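Scroll down for the structure; my scribbles are underneath it.
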């Protein structure tokens, strides 16, 4: 089993119920294909540093999972077709650390966004 | 024998130039790598605050001769920055 980190950027005009459906959809795909999710993080709505498909903001979701190469293949296949997903990134990691979350504090994010505007 | 006589003459010449480029400077002006110390922060594409220190104003990667990051860590940094760029974090 390999360890992976997967991040998603979804469109900003999603309602709360739609985001839950979207997350559950990808959870199911991972679970069906011999994968196992260890942690999911929601980084929330963030400003993109440049426009992607004419979008200025996006919802960020982060999965930490164990699985095989096949699971990642299946994941990316469906994400390529999905209209609601702007971009994704999977990275193979040697060890998953579940403790650190760089996007946990909302106050820090606001400070960062302010600095970007300046 | 003639050659032996010439050599010491050359050494005198080297003493003459005290401020040559090849001399070791008395003052230390090289910093050690800030990322390979003890308790150094982990280079990761999610750690935007750390990555922003190593970007110029126009968001280009700073060369290691300015930041004095070691080669190994510079490679890690550049990879992390490129990952963060593709996710539109930076």
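Taking label points 7 Å from Cα along the Cα-to-Cβ direction, residue A:13 and residue B:75 give a separation of 4.6 nm. Mean-square fluctuations from a GNM of chain A, with a 10 angstrom spring cutoff on Cα atoms, peak among A:20, A:11, A:54 at A:54. For segment A:9-52, a/c is not less than 1.5, where a ≥ b ≥ c are the root eigenvalues of the C-alpha gyration tensor, and a/b tops b/c. That puts it in the prolate class. Put a dot 7 Å past the Cα of residue B:61, heading toward its Cβ, do the same for residue A:31, and the two dots end up 4.0 nm apart. Between residue A:97 and residue A:51, the C-beta separation translates, for a Förster distance of 35 Å, into a calculated FRET efficiency of about 0.60. For segment A:1-84, what does the alpha-carbon gyration tensor say about shape, rounded, prolate or oblate, given a ≥ b ≥ c as the root eigenvalues, a/c under 1.5 as rounded, and a/b over b/c as prolate? Prolate is the answer for segment A:1-84, as a/c is 1.5 or above and a/b outweighs b/c.
The GNM of chain A, with springs linking C-alpha atoms under 10 angstrom apart, assigns the highest mean-square fluctuation among A:69, A:58, A:35 to A:69.
Our helix-only sum for chain A, with -39,500 (n - 2.57) per DSSP H run of n ≥ 4 divided by its residues, gives a mean residue ellipticity at 222 nm of -11500 deg cm²/dmol.
Bear in mind that the values in this text are calculations on the coordinates, not laboratory data. A quick note: this is a predicted structure, and the numbers were derived from the prediction, not measured. Positions of Cβ are backbone-derived with ideal geometry, glycine not excepted, and every protein chain shown enters the neighbour counts.
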